[in-house]
Amino acid sequence: MLDIKNLYISFKTPEGIVKAVNNVSFNLPKNESLAIVGESGSGKTQLAYSILGLLDKNAEVKGQINYQNKNILSLNENELNKIRSKKISIIFQDPMTSLNPYMKIKKQLNEIIINHNGFTNDQATNESLRILDAVKIQDSKKTINSYPHELSGGMRQRVMIGMSIICKPEIIIADEPTTSLDVTVQSQIMDLFNDIKKEFNSSIILITHNMGIVQNICSQLMVMYGGKIMELGDTNKIFKKPLHPYTKGLLDTVPKIDEDYKKLKTIKGNPINMINPPTGCIFRTRCSNPTNECKQGTTHNALIERESHHWVDQCCVNCI
Ligand SMILES: Nc1ncnc2c1ncn2[C@@H]1O[C@H](COP(=O)(O)OP(=O)(O)OP(=O)(O)O)[C@@H](O)[C@H]1O
Ligand SMILES: [Mg+2]
């Protein structure tokens, strides 16, 4: 359904060129859900923005984002607007900055419905109430007449999810939808995504730092580091047998209930500078066992299919 080929995203800045996404290729089949994980700055959000044509003006994009046999990168604003919300929607990283603080929820929801479906205001209000019920907001009649600041963080996030499903899109991109929520609400929101998948047949691209929430929702997993894919494949296979040291590190950082921790585990080292990334293997400055080839910069990152539906970076797999 969505087929991304050799995608590069860079940004021109006074300090130099930020290479945010470097040669990323993957596809998302219909009714599959994909989690994208990786630490801060690894390129997750910019990858998502490129799918909806939302990159900043200083961005340069190369490659292909094929959706319904068209390259999204070659569409104009009008054509993009037909895809946004209706076919592919996004839930942004912070609901408070995405909801308009001066508008009641009713107006914000109704506007989308009227724009896309041509409903009257009354029809749109009925539909908005239905959507708030679908995202399990308990008192939808009260909520619809509230301003965003009158709602809890969890309710705001439910409203955002509601907005994203109004047009029953084929793909919902959720960018860190639970970061600012407590664990109980996090788990309710994740259950909601599972309900939406079933009810609306939507595919979900879930962007997160949190490996702990991936397995319940997404059948596919993509691990990014420094704008590149380090590991990709079936979530269960990767959880069972991670092949990349970074994936192993991410899985180790998830606290387990039966282990006694004196200190939370972390991945040693710092994120790389995206203007001057390391030569050769991008992961070598974080790797505990880099070979001479990685250090000398004679290797280049590329994926190999190590097992069926399980790809890993061909350089790093040799360092484990
Ligand atoms: N307009 C811009 N100009 C310059 N650099 C940018 C711009 N937008 C994003 N970047 C850079 O692109 C890189 C990737 O950013 P991105 O937002 O995709 O990270 P992320 O993986 O989503 O991180 P986080 O988990 O913190 O949200 C970062 O180094 C970021 O600073
Ligand atoms: Mg982000």
Q: On each of the three principal axes of the Cα atoms of the chain, give max minus min coordinate, whole Å, ordered largest first.
A: 68, 51, 40
Q.
Can you say what percent of the DSSP beta bridges in the chain, counting only those with both residues inside, are antiparallel? Round to 5.
A. 65
(Q) Defining a contact as two alpha carbons under 8 Å apart and six or more residues distant in sequence, what relative contact order in percent does region 164-307 show? (A) 16
Q) How big is the gap, in Å, between the Cα center of region 275-308 and the Cα center of region 178-193? A) 35
(Q) Please compute the per residue accessible area over region 199-256 with all protein chains in place, 1.4 Å probe, rounded to a whole number of Å². (A) 34
Q) In percent, what relative contact order does the chain have, based on Cα pairs under 8 Å that are 6 or more apart in sequence? A) 20
Q: Report the local net charge at Ile320: Lys and Arg +1, Asp and Glu -1, summed over other residues whose C-beta lies under 12 Å from its C-beta.
A: +1
Q: Would you mind working out the accessible area per residue for region 263-320, using a 1.4 Å probe, and quoting it in Å²?
A: 63
(Q) How large a share of the accessible area of the chain, in percent, is made up of carbon and sulfur atoms when the probe is 1.4 Å and the other protein chains stay in place? (A) 48
(Q) From the helices alone, meaning DSSP H stretches of at least four residues, give me the mean residue ellipticity at 222 nm for the chain, per-run term -39500 (n - 2.57), in deg cm²/dmol to the nearest 500. (A) -9000 deg cm²/dmol
Q: Provide the convex hull volume over Cα atoms per residue for region 4-82, in Å³.
A: 100
Q) Rounded to the nearest whole Å², what accessible area per residue is found for region 73-143 with the 1.4 Å probe? A) 59
Q | Relative contact order (%) - region 95-157, alpha-carbon pairs under 8 angstrom, separation at least six | A | 45
(Q) Please compute the Kirkwood hydrodynamic radius of region 23-135 from all pairs of different C-alpha atoms, in Å with one decimal. (A) 16.6
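The values are calculated or read from the model by the stated rules, or taken from the named source; none is laboratory data. All of these numbers come straight from a predicted model, not from anything done at the bench. As a convention, Cβ positions derive from the backbone with ideal geometry for all residues, glycine included, and neighbour counts pool all protein chains shown. Calculation scope for accessible area: heavy atoms of the full protein, side chains included, ligands and nucleic acids excluded. Shrake-Rupley method; radii C 1.70, N 1.55, O 1.52, S 1.80 Å.
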